[in-house]
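*Asks:* Handing you this structure, nothing more for now.
The values are calculated or read from the model by the stated rules, or taken from the named source; none is laboratory data. Treat the numbers as computed from the prediction; the structure is a model and nothing was measured. Cβ: placed from backbone, ideal geometry, glycine included. Neighbour counts: every protein chain shown.
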Amino acid sequence: MHGLGNDFIVLDGRDGSPVPDAQQMQALAHRHLGLGCDQLMVLMPAAEGVDVCLDMFNADGSIAGACGNGTRCVASLLMAEKTTDRVVIRTIAGDLPCWRSGTTGQISVQMGPVHTAWQDIPLTRESDTLHLDLGLADAGLADLGLAVAVSVGNPHAVFFVRDAEAVDIETYGPLAEQHPIFSDRANIEFVSLKNRREMRMRVWERGVGVTMACGSGACAAAAAGVLRGLCDNQVKIELDGGILDIHWQQADSPAGGQIIMTGPVATVASGIIPARFFAALATRTARAER
């Protein structure tokens, strides 16, 4: 499945099937030797009060923490399965209500509160999260300036730039992602403003790289814009794969308010991964270790 080109392998583990290990996830996510994806969504048995428990992993097998587009894809799958327009999905970031949006058929997800305290992102030391210096401005990149650090279930650093298209994100994305101030790396967004209700965003996702869209990143960009006084609390964000609508409700709430993301989803294919795929992986690994 995908949301604006941000693509996912959705694995159904509700029947007790074993979850692939990190190496198997890397193999599945490989775009030439596997199925190919940005992240893997693993459905687990439902718990009280929710329709499913969802574990999320990056293409390198690391825990994703939060994934807005992936959550929307899973919500769409469950809604079709249960013949309903509303579900609740339990993630590591909390219980996320999802619903079908009006007559457009798009899927909305309430991503929870936005966290701005340095401990909650988390950072490794006390810092000004509204003007976070990652050292990139001193590397001849004055256009990048200082980032805004926020958490939307996972850590983000948002740079407001004159032209998001001009940023070499394959160079500066990983530099920012792996900065030692982040306890567990971070997702990096490069954003240019069109007006107070429209943004252009490109993204480098931790554990993945450049992706066509990032739902939690779009939420982070909108929140960062509000915190800097650059935009309204309802914005359209243009990503490489299309447009997401973001609404930060009660943005001035001490608790961070609730942030809602709305956008399209698509199913590409469905099927069963044969055991011989993993057997072939084991053979390749054994040869490589000789």
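*Asks:* Sort through 72, 90, 125 and tell me the only one that's assigned to a loop (DSSP other than H, G, I, E, B) and either in contact with a Lys or Arg (Cβ under 9 Å, 6 or more places away or on another chain) or at pLDDT 95 or above (or both).
*Replies:* Of 72, 90, 125, the one residue that is assigned to a loop (DSSP other than H, G, I, E, B) and either in contact with a Lys or Arg (Cβ under 9 Å, 6 or more places away or on another chain) or at pLDDT 95 or above (or both) is 125.
*Asks:* Next question. Which of (1) under 24 Å from residue 283 (Cα atoms); (2) in contact (Cβ under 8 Å) with a residue 24 or more places away in the chain; (3) in a loop (DSSP other than H, G, I, E, B) does residue 47 not meet, given it meets every other one?
*Replies:* The failed condition is (1).
*Asks:* Continuing with the same structure: How many residues are within 18 Å of residue 5 (Cα to Cα) and either surrounded by 16 or more Cβ atoms within 10 Å (Cβ to Cβ) or β-branched (Val, Ile, Thr) (or both) when one looks only at the range 18-62?
*Replies:* 13
*Asks:* Give the number of residues within the range 120-130 that are closer than 12 Å to residue 150 by Cβ and in contact (Cβ under 8 Å) with a residue 24 or more places away in the chain.
*Replies:* 5
Residue by residue, here is whether (1) over 19 Å from residue 261 (Cβ atoms); (2) among the aliphatic types (A, V, I, L, M); (3) in contact (Cβ under 8 Å) with a residue 24 or more places away in the chain; (4) not in a strand (DSSP E or B) holds:
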position: 109; (1), (2), (3), (4): no, yes, yes, no
position: 118; (1), (2), (3), (4): yes, no, yes, yes
position: 134; (1), (2), (3), (4): yes, yes, yes, yes
position: 159; (1), (2), (3), (4): yes, no, yes, no
position: 172; (1), (2), (3), (4): yes, no, yes, yes
position: 180; (1), (2), (3), (4): yes, no, yes, yes
position: 192; (1), (2), (3), (4): yes, no, yes, no
position: 203; (1), (2), (3), (4): no, yes, yes, no
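*Asks:* Right, residue 207: in contact with an Asp or Glu (Cβ under 9 Å, 6 or more places away or on another chain) and at pLDDT below 95 or not?
*Replies:* Yes; evaluated as a whole, the condition is true for this residue.
*Asks:* Any chance the range 116-134 includes a residue that's surrounded by fewer than 15 Cβ atoms within 10 Å (Cβ to Cβ), in contact with a helix residue (DSSP H, G or I) (Cβ under 9 Å, 6 or more places away or on another chain) and either among the charged types (D, E, K, R) or outside the structural domain of residue 59 (by TED's automatic domain parsing) (or both)?
*Replies:* Checked against the condition, which is being surrounded by fewer than 15 Cβ atoms within 10 Å (Cβ to Cβ), in contact with a helix residue (DSSP H, G or I) (Cβ under 9 Å, 6 or more places away or on another chain) and either among the charged types (D, E, K, R) or outside the structural domain of residue 59 (by TED's automatic domain parsing) (or both), the range 116-134 yields at least one hit.
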